[in-house]
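The values are calculated or read from the model by the stated rules, or taken from the named source; none is laboratory data. Small disclaimer: the values here were computed from a predicted structure and weren't measured. In this analysis, Cβ positions are derived from the backbone assuming ideal geometry, glycine residues included, and neighbour counts consider all displayed protein chains.
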Amino acid sequence: MSLKSDQEILENSMHEDDPNGNSALEQTFTEKTAPRWGPQHKGAQELAQLYSPGKRAQEFICVYTCIALMIIDFVLILKHFHFDRIIVTCISAICGIITADFGSGLVHWAADTWGSVELPIIGKNFLRPFREHHLDPTSITRHDFIETNGDNFMVSIPILGFLAYCFNTKSHTDIQQDFGWISYLFLCSIFVAMTNQIHKWSHTYWGLPKWVLFMQNYHIVLPRKHHRIHHVAPHETYFCITTGWLNWPLEKLRFWSTLECLIEFVTGLKPRDDDLKWAKKVT
Ligand SMILES: [Zn+2]
Ligand SMILES: [Zn+2]
């Protein structure tokens, strides 16, 4: 745990390398203008209050089910692992991590860009945290393990469940033949599950363990400076938040902007309409 107060974290992290110069606290207290982001933002406060006990229960169940499946699958993978499979296992694992990174980008982009908090079920439960995060990027550092990871752990449950099912129904020879696919799915689901924890670390400026800093510095997981690029309004690029490896190539390919143009052309919907609406909320 960090020894700094929430206010100190906000003050210092944003002053340090916020590319927009959005020093919300100075603005709030000296210029008396509405903050563009931070816990004082009216929209952020309203969104934070929408976190319900039902949502909490869903996250709680998902986290514990997912952890149980992770342990079961890991033990079964170790049991069936043969050293001569090391190369195929490594290649599959890296492909799994890249898939997880792409998946994080796709889901993050879709949730940031389309839909609204007013939508039934998904609005309050799954889009709300994305809106809140743009208005108050440091709120994630104050969320506990359950709130941070509940939704991502939920996505991994079917994949890990499927793997556990395969281990229990397939013969040893079949498992050996499919070991590449198994490694791919296992690493992919682990990184999908860990995505928001990695994302939380990318917003944490104090008290991170040395091994996390090492992984950030060597870009094994999403580095802090790298993720700042996404937090420049209007939040229209660098959506991948697992490792961030795909952000640069996807930006070069104009992947997200092309997809948005296409969707806008077909549906007439404006990208980031709801996100902008919340950003403007001051009363
Ligand atoms: Zn975002
Ligand atoms: Zn973020």
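Go through the stretch 201-241 and report how many residues are at positive phi and within 16 Å of ligand 1 (Cβ to nearest atom).
Of the residues in the stretch 201-241, the ones at positive phi are 207, 219, 235, 238.
Keeping just the survivors that are within 16 Å of ligand 1 (Cβ to nearest atom) gives 235, 238.
Matching residues across the stretch 201-241 total 2.
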Quiz prompt | Residue list for the stretch 130-140, restricted to those being more than 13 Å from the chain's Cα centre (by Cα) and either of a type in the set (Gly, Ala, Ser) or over 11 Å from Ala48 (Cβ atoms) (or both) | solution = Thr138, Ser139
Practice problem: Considering only the stretch 100-127, state which residues are surrounded by 17 or more Cβ atoms within 10 Å (Cβ to Cβ) and not in a helix (DSSP H, G or I). | Solution: Trp114, Gly115, Val117
Exercise. State the number of residues belonging to the stretch 128-150 that are within 15 Å of ligand 1 (Cβ to nearest atom), among the basic types (Lys, Arg) and either farther than 17 Å from Val232 by Cβ or not in a helix (DSSP H, G or I) (or both).
Key: 1
Self-check item: Positions within the stretch 108-125 being free of Cβ contacts under 8 Å to residues at least 12 places away in the same chain and within 14 Å of ligand 1 (Cβ to nearest atom), in sequence order
Solution: Ala110
Self-check item: Filter pass, Leu269 being in a loop (DSSP other than H, G, I, E, B) and either away from ligand 1 (no atom under 16 Å from the Cβ) or at pLDDT below 95 (or both)
Solution: yes
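Scan the stretch 220-261 for residues that are under 16 Å from the mean Cα position of the chain (by Cα) and exposed (fewer than 13 other Cβ atoms within 10 Å of the Cβ) and jot them down.
Taking the stretch 220-261 as the starting set, the residues that turn out to be under 16 Å from the mean Cα position of the chain (by Cα) are 220-231, 235-247.
Selection gives Lys225 alone.
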Quiz item: Has the stretch 208-218 got any residue that is surrounded by fewer than 19 Cβ atoms within 10 Å (Cβ to Cβ), within 16 Å of ligand 2 (Cβ to nearest atom) and over 21 Å from Gly150 (Cβ atoms)?
Solution: yes
Practice problem: Tell me, yes or no, whether the stretch 154-172 has at least one residue that is within 16 Å of ligand 2 (Cβ to nearest atom), in contact (Cβ under 8 Å) with a residue 12 or more places away in the chain, surrounded by 14 or more Cβ atoms within 10 Å (Cβ to Cβ) and within 22 Å of Ser92 (Cβ to Cβ). | Solution: no
Quiz item: Consider Lys252 against the criteria (1) under 28 Å from Glu46 (Cβ atoms); (2) away from ligand 1 (no atom under 16 Å from the Cβ): it satisfies all of them except one. Which criterion is unmet?
Solution: (1)
